[in-house]
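What follows draws every value from the coordinates through simple rules; no lab data is involved. Remember, predicted model here, so these are calculated numbers, not experimental data. Glycine gets a Cβ as well: all are built from the backbone with ideal geometry, and neighbour counts include every protein chain shown.
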Amino acid sequence: MTERIAFTQSLFRSFTLYYMVSEELDIANKNVPAKKDDTGVQYVNELTTLNLGPTHPATHGIFQNILQMDGEKIVSSEQTIGYIHRAFEKIAERRPFYQITTLTDRMNYCSSPINNMGWHMTVEKLLGVEIPKRAQYIRVIMMELARVADHIICNGILGVDTGAFTGFLYIYQEREFIYEIYEEMCGARLTTNMGRIGGMERDLSPTAIRKIKEFLARFPKILREFENLFNRNRIFMDRVVNVGGISAERALSYGFTGPNLRAAGVDYDVRVMNPYSSYQDFEFDIPVGQSGDTYDRFMVRNEEMWQSMRIIQQALDNLPEGPHYADAPQYYLPPKQEVYKNMEALIYHFKIVMGEIDAPVGEVYHAVEGGNGELGFYLISDGGRTPYRLHFRRPCFIYYQAYPEMCKGLTLSDAIVIMSSMNVIAGELDA
Amino acid sequence: MASDIKMVEGPESYNGAGFQATSFDKLIGLARANSLWPLPFATSCCGIEFMSTMSSTYDLARFGSERPSFSPRQADMLLVAGTIAKKMGPILKQVYLQMAEPRWVMAIGACASSGGIFDTYSVLQGIDRIIPVDVYVPGCPPRPEQILDGVMQIQELAKNESLRRRNTEEYQKLLNSYNIQ
Amino acid sequence: MLTNEEVAQTIIQQFGQSVSDFDDPYDLLTFTADRDQLFALISFLKEHKTLQIGFLTDITAIHYPDTKGMEFCVVYHLHSLVNNFRLRIKVYLSDEDVHVPTIIPLFAGANWMERETFDLFGVIFDGHPDLRRILNMEEMDYHPMLKQYPLEDETREDKIDALFGR
């Protein structure tokens, strides 16, 4: 009996709710004269405010977009970020140089080795340390693997956001294989802390070389399968072509770099413009798009994965012999056998572990091509054991400003697709 | 073909032709433990390891978490993976409040458990400052096997929980200490 | 190929009194500019036919609490994509008067960079359409990156400083 009453009550409630909602809809559909907001976008009805809130499905990261929508069309949007502000720059003022590597891992955590290597190169530039060729080639291999890993996530998640979960599952397996290669090199899967100031901590072991060769053999097939699923897929193309385009002038004015800028037609790549770590020895192309829309960004990232494979192949074929670390005992831990026997090695070991390395006074800016663009490190040292000021030039932070402009006038589903094609990673956004 | 699929054993019961007599909490515990729907509250790096846990190699679906629900109203367990900043704290609490009982919370990673390496002005030093946590999975980030171990611990909790636990005074006192009514 | 000396000469010819302290640490041309001429300087660099320094890489600030009269330094990193030339401009500000003109009319990307600098250091950008905190909570009443504030949270009660060696 009580159930029947409860049921009737709930039915009545839902009927009332429906009635109330439809009343609102009637008000919304009445003949209201067209209004224009100050940017010229025309809207007829009352605007709805939709909170594309900090908690997103499918782990893009946490940032909030408050959208003003006219029905399904977006009129304007306002962004709030900072939900994962971890104060990296302030922490870095307390840590000796080699302890900051673990912080850089956690910025763009989909491609940690690139952040690590970029930081090591910045400090090496400050200290004036020359890295031997073999270490540079190993760094290139690891950075390109990280770039492939980053693009795997971005393109896979773009597929998931358009509804295609299969592509993501197929290609994510390759990321697990890249994790195995990382584990051979440094022991960790995701936040790698790879390399040291002055080179790499260990040489490429035979297992690592075997795994990289196996990766080069099996990844092309998977990538081709992934491309067959998406590149000429009618549904996917309808969702992403001409969605979220940005012109090259606007992109440059906003400070875009990386695949987002290359999709808009500007071929700016830090690896080519300011080569670092022997990138000038390798032959690779830079894929460039035309209209800067989501499809171009997707295709540019796919093509970059092919180019990264080329670079890894060349680096592995031409890997020079030699030490994997620089002969700079005051910055790179001397081998343990030396420490037990030799007095200077003991002193250097003690000084490095205590963090008392002699850093010159100066300021240096070094940029590397991260998965999302120009990742810059601005380091000011005052001669002490920790930096005086360290600033990260984070590409995600800079290009995410353009999001309201890119999704103006489009529908909500387009806005989601644009956000995932821009590859916004919250760790890098807030730092 | 079905020989190496591990089946869960039924609870102790008095069986007969067409009937089985057992106690409710054993049956309901069994059902709950093997169909926990997670709410992935993935913030940063641990979220990527959580994605690895969900995908094919370390499949989370075989533990019953086939449908990661992003709506708190339909989820059983809240997996907080990643750093929670003070700005995010109220939102996490809101999501927790929207979940229906019975609900379990798992803090994945060092940042969610205790603030991790970020002892700064902007990071909440552990989510147990704002919501009650059942299982902590340490690591930075924890391997997917560790996350699965955490899920298995929650399964143990769910299986052995008494049906009246959420209405007991002890539980109410716990919630009140977090200002949750 | 532009060299640091050429560019320095061009800038000195145009702006003479307002720029000073030319240096190139690690081969990156760095100089100090006056706050009043900053906007004119950056638009000159952007519209110059040869220099074409049209890409804003970054804006940040540094706090030097010990130097009186020059406590804050706002640093602009610019880049010429056409000529592959980078440069760094520094503007020194005193503690009492932490205002700088905004360069949003020249570069749309300066919007959030300036908001971040305001949030962390308290540098006020005159003419910014929406200068409020971006990374921290709106209610926060201090600017955390200044040297006098500690890294850790003041209100935490479980981590005893003595045990952590502070």
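If you scale each eigenvalue of the Cα gyration tensor by 5 and take the root, what three semi-axes come out for the stretch B:37-177, rounded to whole angstrom and sorted largest first?
Taking √(5λ) for each Cα gyration eigenvalue gives 21, 20, 13 Å.
Would you please classify the overall shape of the stretch C:4-109 from the alpha carbon gyration tensor, given that a ≥ b ≥ c denote the square roots of the eigenvalues, rounded means a/c under 1.5, and beyond that prolate means a/b larger than b/c while oblate covers the rest?
Prolate, because a/c is 1.5 or more and a/b exceeds b/c.
Got a sec to turn the phi values of the stretch C:64-76 into Karplus ³J(HN,Hα) couplings, 6.51 cos²θ - 1.76 cosθ + 1.60 with θ = phi - 60°, whole Hz, x for Gly and Pro?
With coefficients 6.51, -1.76 and 1.60, one gets 10, x, 7, 7, 6, x, 9, 6, 10, 10, 9, 10, 10 Hz.
Rg and Dmax of chain A over Cα atoms: what are they, in angstrom?
That works out to 25.5, 91 Å for Rg and Dmax.
Work through the residues other than residue B:132 whose Cβ is under 13 Å from its Cβ and net out their charges, Lys, Arg +1 and Asp, Glu -1.
Local net charge: +2.
How far is helix A:206-230 tilted off the main Cα axis of chain A, in degrees rounded to 10, range 0 to 90?
The two axes meet at around 20 degrees.
Report the percentage of all Cα-Cα pairs in the stretch A:211-336 whose separation exceeds 22 Å, rounded to a whole percent.
More than 22 Å apart: 53 percent of the Cα pairs in the stretch A:211-336.
In deg cm²/dmol and to the nearest 500, what is the mean residue ellipticity at 222 nm of chain C if only DSSP H runs of at least 4 residues count, each as -39500 (n - 2.57), divided by the residue total?
Result for chain C: -6500 deg cm²/dmol, rounded to the nearest 500.
How many nm is it between the label spots at residue B:67 and residue A:216, if each spot is 7 Å from the Cα in line with the beta carbon?
4.7
Under 27 Å Cα to Cα from residue A:133, which lysines show up? Leave out anything in the same chain fewer than 8 places away.
In chain and number order, the partners are A:125, A:211, A:213, A:336, A:351.
Compute the FRET efficiency between residue A:51 and residue A:327 as 1/(1 + (r/R0)^6), taking r as their Cβ-Cβ distance and R0 = 56 Å, and round to the nearest 0.05.
Approximately 0.45, to the nearest 0.05.
Ordered by residue, what ³J(HN,Hα) values in Hz, to whole numbers, does the stretch B:67-81 give under the Karplus form 6.51 cos²θ - 1.76 cosθ + 1.60, where θ = phi - 60° and Gly and Pro are x?
So the Karplus estimates, Gly and Pro as x, are 10, x, 8, 9, 9, x, 5, 10, 10, 9, 10, 9, 9, 8, 10 Hz.
Given a Förster distance of 41 Å, report the FRET efficiency between residue C:162 and residue B:173 from their Cβ-Cβ distance, rounded to the nearest 0.05. Write out the running numbers ahead of the final one.
Details: r = 33 Å, r/R0 = 0.80.
Efficiency computed from Cβ-Cβ geometry: 0.80.
If you plug each phi of the stretch C:35-45 into the Karplus form 6.51 cos²θ - 1.76 cosθ + 1.60 with θ = phi - 60°, what whole-Hz ³J(HN,Hα) values come out, in order, with x for Gly and Pro?
Running phi through 6.51 cos²θ - 1.76 cosθ + 1.60 with θ = phi - 60° gives 4, 5, 8, 4, 4, 5, 5, 5, 5, 4, 5 Hz.
Using a Gaussian network for chain A with springs between C-alpha atoms less than 10 Å apart, which of these wobbles most: A:114, A:91, A:141?
Among A:114, A:91, A:141, the largest mean-square fluctuation in the Gaussian network model of chain A belongs to A:91.
Distance in nm between label sites at residue A:290 and residue B:165, each 7 Å beyond Cα in the beta-carbon direction?
Placing both labels 7 Å beyond Cα along the Cβ direction yields 6.1 nm.
Can you give me the long-range amide H partners of residue A:76? Hydrogens built in the peptide plane at 1.01 Å from N, cutoff under 5 Å, separation of 5 or more residues or another chain.
A:68
Using only atoms on other chains, find how many Cβ atoms lie within 10 Å of each Cβ of peptide A:380-386 and report the average.
Mean partner shielding for this stretch: 1.
Can you give the translational diffusion coefficient of the protein assembly as shown in µm²/s, computed by Stokes-Einstein from the Kirkwood radius over Cα pairs at 37 °C and 0.692 mPa s?
Translational diffusion coefficient: 115 µm²/s.
How much net charge surrounds residue A:397 when only the other residues with a Cβ under 14 Å from the Cβ of residue A:397 are counted, with Lys and Arg +1 and Asp and Glu -1?
Net charge around residue A:397: -4.
Just to verify a number: FRET efficiency for residue B:98 and residue B:34, C-beta to C-beta distance, R0 = 25 Å, to 0.05? Numbers along the way, then the final one.
On the way: r = 24 Å, r/R0 = 0.96.
Approximately 0.55, to the nearest 0.05.
For residue C:132 and residue C:39 in one chain, what is 0.36 nm times their gap in residues minus the Cα-Cα distance, to one decimal in nm?
31.3 nm
Quick one: helix C:110-121 against the long Cα principal axis of chain C, what's the angle to the nearest 10°, folded into 0 to 90?
Taking Cα atoms only, the helix is inclined about 40 degrees.
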